[in-house]
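The values are calculated or read from the model by the stated rules, or taken from the named source; none is laboratory data. In this text, all values refer to a predicted model and were calculated from it rather than measured experimentally. Virtual Cβ from ideal backbone geometry, glycine too; neighbours counted across all protein chains shown.
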Protein chains: 2
Amino acid sequence: MEPEPVLSRDARTGETRAQIGVEADAAAVDAAVRAADATRDALADRPRRAALLRAAAETVEARADALIAAADAETALGVPRLTGELARVAYQFRFFAGIAEDGGYLGVVIDPPDPAAVPPRPELRRWKVPIGTVAVFAASNFPFAFSVPGGDTASALAAGCPVVVKAHPDHPETSELAAAAIRDAAVKVGLPADVLTLVHGRQAGVDLVRHPLISAVGFTGSIPGGRALFDLAAARPSPIPFYGELGSLNPVLITERTAAARGAETAAGLVASYTLGQGQFCTKPGLVLVPEGQAGDELVATATEAAAAAAPGALLDARMREHFLAGFAARAALPGVRTLVEAAAAPTGDIPQAVRAGLLEVDADTLGPGQSAGGELLEECFGPVTVLVRYRDMAGVEAVLGRLGGNLTATLHAEPDEPDAARWISRLARFAGRVIFGGWPTGVAVAPAMTHGGPYPATTTPTTSVGGTAIDRWLRPVTFQTVPPELLQPELSRPS
Amino acid sequence: MEPEPVLSRDARTGETRAQIGVEADAAAVDAAVRAADATRDALADRPRRAALLRAAAETVEARADALIAAADAETALGVPRLTGELARVAYQFRFFAGIAEDGGYLGVVIDPPDPAAVPPRPELRRWKVPIGTVAVFAASNFPFAFSVPGGDTASALAAGCPVVVKAHPDHPETSELAAAAIRDAAVKVGLPADVLTLVHGRQAGVDLVRHPLISAVGFTGSIPGGRALFDLAAARPSPIPFYGELGSLNPVLITERTAAARGAETAAGLVASYTLGQGQFCTKPGLVLVPEGQAGDELVATATEAAAAAAPGALLDARMREHFLAGFAARAALPGVRTLVEAAAAPTGDIPQAVRAGLLEVDADTLGPGQSAGGELLEECFGPVTVLVRYRDMAGVEAVLGRLGGNLTATLHAEPDEPDAARWISRLARFAGRVIFGGWPTGVAVAPAMTHGGPYPATTTPTTSVGGTAIDRWLRPVTFQTVPPELLQPELSRPS
């Protein structure tokens, strides 16, 4: 059987740009995994890993023009956004270099012996070791920051785990260029290039998750695709952790007082957030609770105007465009749903694939508990659309929140002196991994205190894929009991 | 349909002692989960949780006589061992009270805003919150320390998670007494009794793992039972973490020099460890690499003598007794396996169910790579038996280690100045969560630096079920972004 070609396509025109390679068959996946796995001992050198991450930052910066040009053609995300995304990637490599160097993530704990403990305690020395070789699935919507040179790769390499990336079919050329940059960086600091290997193809992803030498998986993508791979990871003879980020509605609650005090500003912020990058963010606000009454009406009117004026643009690929338009139409057709701005194809000469953003409105009563209606409105619709849910009182808000699953984020727009503000913050934290006050969920800072994760389906495990503690996913604890310190690594060998 | 009775049996005689209750049907499981889940808000009070754990320690101590009498009848583990186990439980409750009080486990990180970060960083405040209501499956072999009042319960309550325990059928009366002690302790400190509820029955366990209000599962038991429940947890519409400890061979490597220097002492230590509690520890050394030659021969002869002299005793139940005797016979019948001491039924007047310990020997060549033979020798056999594997050289050792899966422990008996000692420590850490030098794996200290976990099948996740960090399993991270500190809990409200 001929191997399937891997094609790079222009997202704006839908046309094929070039053949990048062929899809990996089982033997090619096996070779990619074995090559990466063979670099584990070399990656055990922590200072060298930090050097690798710094060199990777430099290399992607040096090759920014080529990377951005390829990514812009393949994703239509535009040069300004992609320039920012690549800067984020370089920042993130350096951030994890610092974390690797610091070593705090190793969680070293040394217990002196304690004969009074029950049972008596021998001397114990604990730290965390790399979990093994990991598979990383690139995301469609961030060709850099959640793909080959993204957070999963940076945190796994920082932890000492070789990485096999499954490229996303939306940006194969970008993936190859980014992989080459990291592999070249490895060689530059005296590590094998194979600390990162790359495979293309849907079946290659399946083979990767099943491979006995793969010890964990990082994934960013859709619920159906992510769940299928999660199920494979769980069904292995030796199950492995599957760190998947699958989908999120990212609800926003705007109080009556804020609608009255800052309605226009809030409406403008909302539309900018949900149309950013053509709504193709996992943190896009997809459901917005707006009060009934005059202040809410004015906010909705302002949002409608801004949404209608939003610039059309291409989505990442033709399939997503179809899904988006069909998803919008299905939601608009639900009983009780009002179309404020209709999402539609909006082809231009330059961008035949362009669409324009949509905006929907519905009453909270339609979404309350026991309502079978409106289920689709509580599911993510990838692309530039959001649903304004008009509520009469906080009981109506609670009824809608009670129907939500796990989320990456939840946002509150309220006045700090509102008596219930603390209670709503705490309520939103019940189902979300990040609670934002007075801001917008799009934009996820690379920082020690960041959480990008949440109850299922936001993520499949209680972990984060962004920020300092993302490294914890690629580690497992080991304790040494009464082992003479001189037989241990320097980090563990201080007196107890 | 009549509900199945829950019967307490005498482990020494096999006779029924009493009916303790009935198995929980689906409605009873639902009620137990809802009752526990309704205590989440009450458990959010961290100082009160610490008080609960201290009160639980006091209550089990005050009721020690009744608890130990029930457990001794139901498990035949003996009063001295059970007295020690209950002391461990009380120590562990107080240990986790200290952890809850200290709050370090919350992992509070506060990032000030940083406009120079890429992307710019808003103010972020992160900590960990309780994951929700958890299910705990009690183990057969530790009626206290890995059952109702055990480490999973103590760490989950410390984290702020209500607990629903699925009792083990081997000790239903002990389970009821222990649950009552914890529930009474809760009431004593002003918490609802339902912070812990208890169910009996195999199907009840299945229903528990599937219940939508259960957010995580702790399990200690066998590979088949644990894997079936792991699969259920993964197959839920919303999968939840399943923290299972499933099985471990706990290999021991004795070097030539140690066999020569301290062979008799090492043999005595080994037999004491593998026959402790009739070999019913998850950390029982089940495979021991002993050098060929005179020093090894002498060590084996001493071990054989000690094993033959070990006191017979009852196993936890009739099914385990059958499995043990059948498992021993199957291993003894494998080609190349020599029976040094035959495990067999050894009934006495007092203990009609007693068995005596066995000891097997095989050459390393039989277990090398590419050998399909000997597979059973590389699987845990629950009960008082171990396999001495005679090796010619370190290549022979490596060949055997290369066939092992994940383990809770691995032990090295070597001289600290042996040139390869550090390399062997590092090799053992590749597949085990705890590496012991010059000691024995049985006995797991309750300590900040403990790891009781390892690659599958030792545990299903890279976590520990004993020691300070066991609490991490019951938490998920949440970040608050630009939330005014006065709207947050005191732990998060300090200036950034």
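When the range B:426-451 is filtered for residues that are touching a Phe, Trp or Tyr at 6+ places or on another chain (Cβ under 7 Å) and more than 20 Å from B:E85 (Cα to Cα), only B:V435 remains. I need the full set of residues from the range A:456-482 which are touching a Lys or Arg at 6+ places or on another chain (Cβ under 7 Å) and more than 19 Å from A:L43 (Cα to Cα), in order please. Of everything in the range A:456-482, those that are touching a Lys or Arg at 6+ places or on another chain (Cβ under 7 Å) and more than 19 Å from A:L43 (Cα to Cα) turn out to be A:P462, A:T463, A:T479, A:F480, A:Q481.
State whether one or more residues within the range A:482-492 are within 17 Å of the chain's Cα centre (by Cα), at pLDDT 95 or above and more than 7 Å from chain B (Cβ to nearest Cβ). Within the range A:482-492, not a single residue is within 17 Å of the chain's Cα centre (by Cα), at pLDDT 95 or above and more than 7 Å from chain B (Cβ to nearest Cβ). Under the condition of being outside any loop (DSSP other than H, G, I, E, B), surrounded by fewer than 21 Cβ atoms within 10 Å (Cβ to Cβ) and not β-branched (V, I, T), the residues counted in the range B:107-120 number 1. The residue of the range B:406-448 that is nearest to B:P224 (Cα to Cα), among those that are among the charged types (D, E, K, R) and more than 8 Å from chain A (Cβ to nearest Cβ), is B:R430. Within the range B:4-55, the residues that satisfy the criterion of being among the acidic types (D, E) and in contact with a helix residue (DSSP H, G or I) (Cβ under 7 Å, 6 or more places away or on another chain) are B:D10, B:E23. The number of residues in the range A:409-427 being farther than 16 Å from A:A259 by Cβ and under 20 Å from the mean Cα position of the chain (by Cα) comes to 2. Every test in (1) within 14 Å of another protein chain (Cβ to nearest Cβ); (2) modelled with pLDDT of 95 or more is passed by B:A259 save one, and that test is (1). Pairs linking a residue in the range B:125-148 that is more than 14 Å from every other protein chain (Cβ to nearest Cβ) and surrounded by 24 or more Cβ atoms within 10 Å (Cβ to Cβ) to a residue that is of a type in the set (V, I, T) and part of a loop (DSSP other than H, G, I, E, B), with Cβ atoms under 7 Å and 6 or more positions apart or on different chains, are B:A138/B:V148. Those helices (runs of 4 or more DSSP H) of the range A:1-71 in which at least 3 residues are of a type in the set (A, V, I, L, M) and crowded, with 18+ Cβ neighbours inside 10 Å, considering only elements entirely within it, cover A:26-37, A:46-62.
Of all the numbered requirements in (1) touching an Asp or Glu at 6+ places or on another chain (Cβ under 7 Å); (2) closer than 25 Å to A:G247 by Cβ; (3) not aromatic (F, W, Y), A:T366 misses one, and that requirement is (1). Per the conditions (1) surrounded by fewer than 22 Cβ atoms within 10 Å (Cβ to Cβ); (2) at pLDDT 95 or above; (3) within 23 Å of A:R392 (Cα to Cα); (4) not aromatic (F, W, Y), the sole criterion not satisfied by A:D365 is (2). Is there a residue in the range A:449-463 that is part of a loop (DSSP other than H, G, I, E, B), surrounded by fewer than 24 Cβ atoms within 10 Å (Cβ to Cβ) and more than 10 Å from chain B (Cβ to nearest Cβ)? No, the conditions are met nowhere in the range A:449-463.
Test A:R403 against the stated conditions and say whether it is basic (K, R) and at the interface with chain B (Cβ under 9 Å from one of its Cβ atoms). Here the answer is no, as A:R403 does not meet what is asked.
Taking the criterion of being part of a loop (DSSP other than H, G, I, E, B) and within 21 Å of A:T75 (Cβ to Cβ), the residues of the range A:329-358 that qualify are A:A343, A:A346, A:P347, A:T348, A:G349, A:D350, A:I351, A:P352, A:Q353, A:A357. Scan the range A:157-167 and tell me whether some residue there is basic (K, R), touching a residue at least 12 places away in the same chain (Cβ under 8 Å) and surrounded by 24 or more Cβ atoms within 10 Å (Cβ to Cβ). Yes, because at least one residue in the range A:157-167 is basic (K, R), touching a residue at least 12 places away in the same chain (Cβ under 8 Å) and surrounded by 24 or more Cβ atoms within 10 Å (Cβ to Cβ).
Rundown of residues vs (1) in contact (Cβ under 8 Å) with a residue 40 or more places away in the chain; (2) more than 30 Å from B:T461 (Cα to Cα); (3) part of a helix (DSSP H, G or I), yes/no style:
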residue: B:G327; (1), (2), (3): yes, no, yes
residue: B:E361; (1), (2), (3): yes, yes, no
residue: B:D365; (1), (2), (3): no, yes, yes
residue: B:E380; (1), (2), (3): yes, no, no
residue: B:V389; (1), (2), (3): yes, no, no
residue: B:A395; (1), (2), (3): no, yes, yes
residue: B:R403; (1), (2), (3): no, no, no
residue: B:L412; (1), (2), (3): yes, no, no
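Here is the figure for the range B:227-256: residues that are within 12 Å of chain A (Cβ to nearest Cβ), hydrophobic (A, V, I, L, M, F, W, C) and surrounded by fewer than 22 Cβ atoms within 10 Å (Cβ to Cβ) total 3. Scanning the range A:198-226 for residues being touching a Leu at 6+ places or on another chain (Cβ under 8 Å), closer than 30 Å to A:L289 by Cβ and without any contact (Cβ under 8 Å) to a residue 40 or more places away in the chain gives a total of 0.
Only one of the listed residues (B:V435, B:V483) is assigned to a loop (DSSP other than H, G, I, E, B), touching a residue at least 12 places away in the same chain (Cβ under 8 Å) and surrounded by 24 or more Cβ atoms within 10 Å (Cβ to Cβ). That residue is B:V483. Are any residues in the range B:100-123 more than 19 Å from A:T469 (Cβ to Cβ), more than 9 Å from chain A (Cβ to nearest Cβ) and either without any contact (Cβ under 8 Å) to a residue 60 or more places away in the chain or among the aliphatic types (A, V, I, L, M) (or both), and if so, which ones? Answer for the range B:100-123, where residues must be more than 19 Å from A:T469 (Cβ to Cβ), more than 9 Å from chain A (Cβ to nearest Cβ) and either without any contact (Cβ under 8 Å) to a residue 60 or more places away in the chain or among the aliphatic types (A, V, I, L, M) (or both): B:A100, B:E101, B:D102, B:P115, B:A116.
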